[in-house]
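Report on one structure; see the data block that follows.
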Amino acid sequence: MNEEATHPDINWRRVRRFGYVVAAVVIGVPLIAFGITYGVVATPDPKLVADQQQTVTLYYSDGSVMTTIGPTGGGNRTVVQISQVPRVVQKAVEAAEDETFETNIGLGGITTQFVRLATGADAQSLPDQWVQLVRAAKLGRQQSKDDILAGYLNLVYLGRGAYGIQAAAQAYFGKNVGELDASEAAFLAGCIDQPAKDEDETWTKQQWTHVLDRMVANGWLGQDERARYTVPPKPIMPVTGSLPPARSFIVQQVLAEAKQMAGLDEDVLRHAGAQVHTTIDPKAQTMAESAAQSLRSADPDVGDALVSINPSTGAIVSWFGGDNPAQGVDTADNAAQPGPTFQPLVLMAALRTSPQITLASQYDGTSPLTIGGVSVKNFSGADCGPQCALGDAMHNNTNTVFYKLTDDIGPAKVATTAFEAGVAQTQTIGGKTGPALRSSDKDQTTDSIAMGSYPVRPRDMAQAYATLAANGKYTPAHFINAVVASTGVSLYDAKANAHLAPTQVFETAQAKMVTQSMLTGPGLDGGRPVAAKAGSTAFLDTADNSDAWTVGYTPQVVTAVWVGHRKDLAPMKEGVDVPTSIWQQYMNAYLQGKPATQF
């Protein structure tokens with residue numbers, strides 16, 4: 001007889017031993033694998049989400065959005081702290097995605113989704129899924145629930161190009177996350193599951209209903225409040241329009257100023273999720289574009305520029321540098337010969353040097369006239385007579401009078417006055433940047449400065465005239481009022497920038513006299529008091545012009561308009577009537593309804 005058959009307990013012992021081995025393998029191997037993986041894998045830090053690129057938002061002066069600059073990877077994102085997200089929004093997301101988030105150990109739900117979003121690993125294969133599971137478990141032990149939820153809320157995609165709850169609140173409801181109510185929170189939370197269906201009203205209503213009901217079931221929303229929400233909230237229309245081409249130059253100027261004034265380059269702005277509050281008045285900007293785009297020239301290279309400044313604050317209220325950014329030339333920031341519009345600065349320099357000069361002081365206004373060994377002509381052969389009062393010379397654009405003034409006091413004093421009024425001390429001409437208001441061949445300022453022969457930019461002329469409009473007080477023109485990070489931290493405040501503080505550079509009485517000299521220039525509707533100067537520069541010795549300008553102001557606003565070739569110096573048929581028409585159209589529109597203020 002077989003001995004084993006007489007002892008059945010021996011077989012059972014072997015079966016039990018085998019079972020123990022199997023159990024050890026089934027339980028022990030995964031535990032060992034889990035331990036090894038746990039010790040090796042790194043977990044994403046939710047706090048580092050704040051260092052990701054975010055959306056930069058530029059605002060007009062009235063608080064409306066001008067444009068957004070998304071992360072280099074595309075989409076819109078604005079990082080917020082968990083303290084900025086209302087509890088009702090947090091619970092709506094938990095109701096939609098992970099009702100046990102506050103108590104589970106992180107295996108599945110929000111924690112696992114955060115790991116997937118933060119690492120960019122979609123975990124399709126079993127090994128990848130295993131690593132993701134271990135990462136989630138490890139993260140659940142290392143980080144607080146608040147930190148994990150904050151990271152998830154800043155990374156998750158909710159449709160309409162919005163990454164994160166703050167960007168979604170803006171995209172769907174045009175408000176910040178802190179302003180969302182329970183109904184809006186439930187709507188957004190419902191979009192997480194399938195954001196591609198975010199415009200499907202049937203789907204979004206179904207999701208919205210489910211989220212609100214689960215919030216009630218979990219005690220996160222009262223029955224009474226739930227009863228108030230009978231239909232889903234209506235999202236705003238998706239923003240699909242792009243920034244008007246003419247305003248692309250404004251964005252470039254704003255970004256350049258942020259770097260120059262505050263040391264905030266575009267990368268810093270993106271990482272901060274910066275909100276850039278500009279000085280641009282949207283209504284004034286529309287008026288500027290309408291006026292500037294009224295230019296009709298037979299020459300496609302002839303363009304124009306318009307810069308408008310509030311002289312009391314230095315705020316640039318509108319800016320037109322062309323409507324085709326592809327051409328690459330921002331005409332408002334491109335130097336051109338100012339011609340007779342530079343004469344008020346010559347007069348200002350003369351008054352500072354010789355206070356006895358008045359608008360009644362007389363000079364030889366005949367043409368041609370030899371001054372300092374140079375034959376000087378008035379434009380179009382105009383003649384103000386041998387005894388021409390300064391006031392008349394200003395009205396008539398009499399070159400010979402202002403050339404003589406400059407020769408008497410020295411051209412360097414005219415240049416100094418222009419610089420103190422705000423004309424930039426360096427200019428880029430023909431692609432080369434160098435000292436302004438100097439001859440390139442002699443590296444010195446000559447008497448020809450009186451005729452506006454040295455190129456300056458339209459923004460320079462607007463700035464200089466703004467100093468005159470403010471009775472000799474120079475306030476640097478600027479585009480930015482403030483820059484604030486997405487966390488609410490102030491990154492820059494123009495009011496705190498000492499560089500932008502007003503400085504009295506000219507005597508008030510002398511600045512007023514210069515203003516008085518221009519009261520007979522181009523006028524505005526209703527006889528409104530205005531000081532303005534219009535003029536053009538001749539192309540070589542031809543009857544054509546190369547540049548035409550109109551610059552003028554009321555106490556409320558200063559505007560400079562230039563017309564000429566965008567790239568190279570060339571003849572054009574347009575005269576001073578063209579920039580004057582543009583200037584008048586804009587100024588009349590901007591000042592409509594505003595009181596007529598005396599100087």
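The values are calculated or read from the model by the stated rules, or taken from the named source; none is laboratory data. Note that the structure is a prediction, hence the values are computed from the model and not measured. Counting neighbours? That spans all protein chains shown, and the Cβs are built from the backbone with ideal geometry, glycine included. These area figures cover heavy atoms from the full protein model, side chains too; ligands, DNA and RNA do not enter into them. Shrake-Rupley method; radii C 1.70, N 1.55, O 1.52, S 1.80 Å.
Here are some notes:
- Peptides 202-209, 110-117 ranked from most to least packed, by the mean per-residue count of other Cβ atoms within 10 Å: 110-117, 202-209.
- Each residue was assigned an accessible area with a 1.4 Å probe, and for Ile429 the value is about 80 Å².
- The chain: relative contact order as a whole-number percent, Cα under 8 Å and 6+ apart: 13 percent
- Size descriptors for the chain (Cα atoms only): Rg and Dmax, in that order, 35.1, 150 Å.
- Excluding ligands, DNA and RNA, the accessible surface per residue across segment 276-426 is 37 Å² with a 1.4 Å probe.
- Cβ distances below 4.7 Å define possible disulfide partners, and in the chain the cysteines left without one are Cys191.
- Interatomic Cα distance distribution for segment 507-599, bins of 5 angstrom, percent: 3, 14, 22, 20, 15, 12, 9, 5, 1
- Amide H contacts of Asp547: Thr537, each under 5 Å away and 5 or more positions distant or on a separate chain (H built 1.01 Å from N in the peptide plane; Pro and chain starts excluded).
- Longest site-free stretch - the chain; sites: GluC sites (Glu not before Pro), DSSP loop, at most 10 other Cβ within 10 Å: 5-599
- Ratio of the Cα radius of gyration of segment 260-343 to 2.2 N^0.38 Å, where N counts its residues: 1.34
- Here the Karplus curve 6.51 cos²θ - 1.76 cosθ + 1.60, taken at θ = phi - 60°, turns the phi angles of segment 58-69 into couplings of 9, 10, 6, 5, 8, x, 6, 7, 7, 6, 10, 10 Hz, with x standing for Gly and Pro.
- Expected 222 nm ellipticity per residue - DSSP helices of 4 or more, -39500 (n - 2.57), all of the chain, to 500: -12000 deg cm²/dmol
- Portion, in percent, of the accessible area of segment 274-390 that falls on carbon or sulfur, probe 1.4 Å: 49 percent
- Convex hull volume of the Cα atoms of segment 61-123, normalised per residue: 145 Å³.
- Accessible surface of segment 541-591 [probe 1.4 Å, protein heavy atoms]: carbon and sulfur percent: 50 percent
- In Hz, Karplus ³J(HN,Hα) per residue of segment 195-202 (6.51, -1.76, 1.60; θ = phi - 60°; x = Gly, Pro): x, 5, 9, 5, 9, 8, 4, 5
- Amide H partners (placed H, <5 Å) of Val317, local residues excluded: Ser308, Ile309, Asn310
- Estimated vicinal HN-Hα couplings, Hz - segment 311-322 in sequence order (Karplus 6.51, -1.76, 1.60; Gly, Pro = x): x, 7, 10, x, 5, 7, 8, 7, 8, 10, x, x
- Given +1 at the Cβ of Lys and Arg, -1 at the Cβ of Asp and Glu and no other charges, the dipole of the chain around its Cα centre is 860 debye to the nearest 20.
- Environment charge at Lys404 (Cβ cut-off 12 Å; Lys +1, Arg +1, Asp -1, Glu -1): -4
- Heavy-atom accessible area, probed at 1.4 angstrom with all protein chains present, ranks His210, His499 as His499, His210, highest first.
- Distant-in-sequence amide H partners of Val376 (H built 1.01 Å from N, under 5 Å): Leu369, Thr370, Ile371
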